[in-house]
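The structure under discussion appears below in the form of C-alpha cells.
Read the figures in this text as sums done on the coordinates, not as results from a lab. The structure presented is a predicted model; accordingly, all values stated were derived computationally and were not measured. For neighbour counting, all protein chains shown are included, and Cβ atoms are generated from backbone atoms with ideal geometry for every residue, glycine included.
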Amino acid sequence: MFSFIKNRFYFYGISTVLVFCALVSPFVLGMNLGIDLTGGIQIEYQAKTGDLDAVKQIAKESAENIKKTTLVKNNPVINDIVTYNISGTDRFVVEAGFSTDKNYSETDIEAAKASFTKNLSDSLSQKATQLNYVNIGASFGDYIKTSGVKSLILAIIFISLYIMYAFRGSIAHMASWPFAVVTGISLIHDVIVAFGLYMITSHFFPEFKIDTFFLTAMLTILGYSINDTIVVMDRIRSNLHGGSGKKENLSHIIDKSINDTMRRSLLTSSTICIVIIAMFFFGPESLKGFMIALLFGTVIGAYSSICLASPLLIDITKRK
C-alpha cells in the first residue's frame, strides 16, 4: 500500500511550487481580461449570405483594421477583438475590449466605441445586419471582479464551517476544526493553482479570457473539490469508528482511507473530464474558456483531495 503520509512532504513541495507559479503569473504574463471585466462592446450580427464562416472572417479582418484607426489622444484604445459564432444560428458576435487607462475620460472612450461600431457596421452592410449592441462600462467590470472574489472567499469560509459542523463529535477525543482547516487549505490551493494554469493558457491562447465564465468555473471547482475531500474524510471517520483506531496509529488509518477511496475518486474525476473535453470540442465557442478552467480545476481538485487534504490532518493534529 502506497503511503501518502510518508511521502506527504513531496506533495507539499509540488503544491508550494504550483501555488508560487500561480501567484506570480499575473505579474509575469499579465492579465488577459474579458470585456465584462475591463469594459467594452459586444455587437451581434446576422449574416445575409449562407456562408456564415466567410462573413465572420470578413468581420474579423475588418474589425482588426478598424482597431488600428480607433484612437484616443493618438493612442490605440482597443485591447483585443474576439469574433465567434452563436451555435445553431446564422449569427455571430464581435467583442472589442477597450483600455481602462485613467488618462482617458469616459467621453473619449464612449466616442471611440461609437466610432468603432459605426465603421464596422458600415463595412459589413452588404454582408450582415446588426441585431444587438451591448455597451459594458469599466465600473461594471470592477463590480464583477469584486463580487467574484468575495463570492469565492465566502464560499470557502462557509464550506469549511459546514465541514466543522458536520464532523463535530464524530470522533471521540478529536476536535472537528482540523477537518475544516484542511478543507479550507485544499480549496484555496485548488482555486489558486487552477487560476495559474488558466493564466498560462490564456497567455499562449488569447481567446481564453478571464471573464464571468471563468469566475463561475472557479466557484464550480469548489463543489467538485469538496466532494472528493468529503469522501476521504468520511472514510477516515468510518475507519476510526470501526475500531481500527485502537490497534493502528492515525497515519496508517489515513493511508488506508485514501487508498480505499482513491479508485472511486479517480474514476469520478475521469468521467467528469471526459464530459468537459467533449463539451470543449463540440460545445459553443463562447464556453471553451469555461470548460478549460473547469478541466484544470477538476484535475487539481482530485490531486488535492488525495495528496494534500488528508495528509495535512497529521501535521495539524499531531496525533499518533
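Whats the longest run of the chain with zero GluC sites (Glu not before Pro) that are DSSP loop and have at most 16 other Cβ atoms within 10 Å? Before the final figure, lay out each step's value.
Details: sites that count: Glu207, Glu248.
Answer from the scan: 1-206.
Using the 10 angstrom Cβ neighbour count as an exposure proxy, how do Thr229, Thr201 rank, fewest first?
On the way: Thr229 26, Thr201 17.
Ranked by crowding around the Cβ, least crowded first: Thr201, Thr229.
Angle, helix 250-282 long axis vs. longest principal axis of the chain, Cα atoms, 0 to 90°, nearest 10?
20 degrees
Order of 28-40, 266-278 by packing, highest average Cβ count within 10 Å first?
Numbers: 28-40: 20.1, 266-278: 14.2.
Descending mean neighbour count gives 28-40, 266-278.
Under a straight-distance cross-link criterion of Cα-Cα below 15 Å, which aspartates and glutamates are reachable from Lys288, leaving out those fewer than 8 residues away in the same chain?
Glu207, Asp211
Which value at 222 nm does the chain reach when only helices count, each DSSP H run of 4 or more adding -39,500 (n - 2.57), with the total divided by all residues and rounded to the nearest 500 deg cm²/dmol? Display every interim value, and only then the final one.
Values: 10 runs with 207 residues, N = 320.
Rounded to the nearest 500, the figure is -22500 deg cm²/dmol.
I'd like to know which of Ile14, Ser251, Val149 lies farthest towards the positive end of the charge dipole of the chain, counting +1 on Cβ of Lys and Arg and -1 on Cβ of Asp and Glu.
Of Ile14, Ser251, Val149, it is Ser251.
Fewest Cβ neighbours within 10 Å first, please rank Asp315, Asp108 accordingly. If you can, show how the numbers build up before the last one.
Working: Asp315 13, Asp108 16.
Fewest to most other Cβ atoms nearby, the residues stand as Asp315, Asp108.
For the stretch 40-136, state the semi-axes of the equivalent ellipsoid (square roots of 5 times the eigenvalues of the alpha-carbon gyration tensor), sorted largest first and rounded to whole angstrom. Mind dumping the intermediate values first?
Details: eigenvalues 126, 30, 23 Å².
Taking √(5λ) for each eigenvalue gives 25, 12, 11 Å, largest first.
State to the nearest 20 debye the size of the charge dipole of the stretch 40-136 about its Cα centre, where the only charges are +1 on K and R beta carbons and -1 on D and E beta carbons.
Numbers: 11 positive and 13 negative charges, 29 e Å.
Here the size comes out at about 140 debye.
At 10 °C and a viscosity of 1.306 mPa s, what translational diffusion coefficient does Stokes-Einstein give for the chain, taking Rh as the Kirkwood radius over Cα pairs? Give it in µm²/s as a whole number. Mind showing how you got there, number by number?
Details: Rh = 22.2 Å.
Translational diffusion coefficient: 72 µm²/s.
If you place +1 on the Cβ of every Lys and Arg, -1 on the Cβ of every Asp and Glu, and leave all else neutral, what size is the dipole of the chain about its Cα centre, to the nearest 20 Debye?
Working: 28 positive and 25 negative charges, 290 e Å.
So the dipole magnitude of the chain works out to roughly 1400 debye.
Summing Lys, Arg as +1 and Asp, Glu as -1, what charge do residues with Cβ under 13 Å from the Cβ of Tyr143 carry, Tyr143 excluded?
Working: positive: Lys145, Lys150; negative: Asp36, Asp142.
Around Tyr143, the surrounding residues sum to 0.
How much net charge surrounds Arg264 when only other residues with a Cβ under 10 Å from its Cβ are counted (Lys, Arg +1; Asp, Glu -1)?
Values: positive: Arg235, Arg263; negative: Asp228, Asp260.
Overall, the nearby charge balance is 0.
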